[in-house]
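> Below you will find the structure I want to go over with you.
The values are calculated or read from the model by the stated rules, or taken from the named source; none is laboratory data. These numbers come from a predicted model, not from an experiment. Note that each Cβ is placed from the backbone with ideal geometry, even for glycine, and that neighbours are counted across all protein chains shown.
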Amino acid sequence: MRIVLSNIGTFGDINPLIAIALELKRRGHVPVMALPNVYRGKIEPLGLEFRAIRPDIDPTNSILVEMVYDIKKGTEHGLRNFLFPALRQTYDDLLDAATRPERADLLLLGELNYAGPLVAEATGIKWASYVLAPLSFFSAFDPPVLPMYPRLARADKKVPGMGRVIKRLARFVSRKWPEPIFALRSELGLPRGANPLFDAKHSPNLVLALFSRLLGEEQKDWPGNNLIAGFCFYDADAGNAALPAHLEAFVSAGPPPVVFTLGSAAVLAAGDFYEVSAKAAMELGIRAVLLIGTDPRNRPQQELPDSICVAEYAPYSALFSRASLVVHQGGVGTTAQCLRAGRPMIIMPYSHDQPDNARRMQRLKVARVIQRNNYDPHTVANAVKAMLADPRYAENAEIAAEHLRHEDGVQTACNALEELYLRTRRRQGAPA
């Protein structure tokens, strides 16, 4: 089958698609990656067909990232000021990728590509959707932490029906956001349809939940045709999963360090995270790794001891298993890699799904949470010291890692996509 895989987002959103595409290619299919052009250099060396879609993402634009990671208005700004103004361009680009030079047999769409369901509806191409975290389902029975109203989540266990209140509140607050989608549907001659932010983003054919059951189980108000496939791991740079040479030498030279990282997007809005983290590590006298990204502002200004190693990037799959503890922002990709490595974590969430992921890690008793406004050297040092001294965190993390060893998100997702393709072929009366 020829399958177009598409989304708009950070590496946390794109890496699962790469993992699935590589496995589909191994099985003899033709995956086409329809992504912002910034990812072209990562995709084409893997031998995958690449088609650029707008809007592109400028990884050096810290203003955009800071806007997106505003805890109160981040999600709204990201949709209304970045994705939706380019919605018609996204539609045109994805339509071209789905129909030229050949018509696709199937689409796999991430929830941030709001033009994707319109392309599927306009062309009649079958599609599947995927989500990366339980927050995306907004279940009343497993209510998420809303970044702008975090205290509501605490009331969920005490106030009957609070989950329904949270779900209704989310819909009410965002009720005007999707008007550009409805306008484009009207322009294309399509009916108004269901709410694009909560309902229409989920495929009626197959919804892949690309996360572990450790994060969430099926709820009765999830969309139909859902499948919890498991995490789909990929973090190699053009197939290279080795640590940078100086980081490899550092990690090999002593006890497992504490790793401080902000993923692939929050790292561009780091503020004083690395400065504070370095001071906390020095206060404790522990070995630490700072993954600072390419923004020179993230490099701590004070002179660092030999016990602290600074690197721009490292594959988490090669580093986390050699760490004692990971401090991060709570993105689902980073969280998944921590679970896979069997390492406890401290989470300093920004926005979007991160506060909700953080709470779920607390429930598993593998993490502590420090809010951004409380992230200071003494607080961080105390939390790191307490977690390293309590063996229960490491034990619980290893239990989680053992659970993940029995999941294979990539194989499960690819099997489901093949089954959907074969069902579609049979219904069309074509040979499978």
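> Test Gly409 against the stated conditions and say whether it is in contact with a Cys (Cβ under 8 Å, 6 or more places away or on another chain) and under 30 Å from Ile125 (Cβ atoms).
For Gly409, the condition - in contact with a Cys (Cβ under 8 Å, 6 or more places away or on another chain) and under 30 Å from Ile125 (Cβ atoms) - is met.
> Separate question: Specify which of the listed residues (Arg322, Arg299, Arg343) is of a type in the set (Lys, Arg) and buried (at least 24 other Cβ atoms within 10 Å of the Cβ).
Arg343
> Let me ask you something else. Please tell me if Gly239 is at pLDDT below 95, at negative phi and outside the structural domain of Met282 (by TED's automatic domain parsing).
So Gly239 does not fit the description; no.
> Testing His352 on (1) in a helix (DSSP H, G or I); (2) within 15 Å of the chain's Cα centre (by Cα), one condition comes back false. Which one is that?
(1)
> If you don't mind, another one. Only one of Gly28, Gly9 is in a loop (DSSP other than H, G, I, E, B) and without any contact (Cβ under 8 Å) to a residue 12 or more places away in the chain; which?
The match here is Gly28.
> Just need a number here: residues in the range 111-133 that are surrounded by 24 or more Cβ atoms within 10 Å (Cβ to Cβ), within 15 Å of Phe211 (Cβ to Cβ) and not aliphatic (A, V, I, L, M).
Adding up the residues that qualify gives 2.
> Looking at Arg343, Arg368, Arg360, can you tell me which residue is in a loop (DSSP other than H, G, I, E, B), more than 13 Å from the chain's Cα centre (by Cα) and either closer than 21 Å to Leu214 by Cα or modelled with pLDDT of 95 or more (or both)?
Within the list Arg343, Arg368, Arg360, the selection yields Arg343.
> Six or more apart or on different chains, Cβ atoms under 6 Å: show the pairs whose first residue is in the range 320-340 and closer than 15 Å to Arg213 by Cα and whose second is basic (Lys, Arg).
Listed by first residue and then by second, the contacts come to nothing, as the list is empty.
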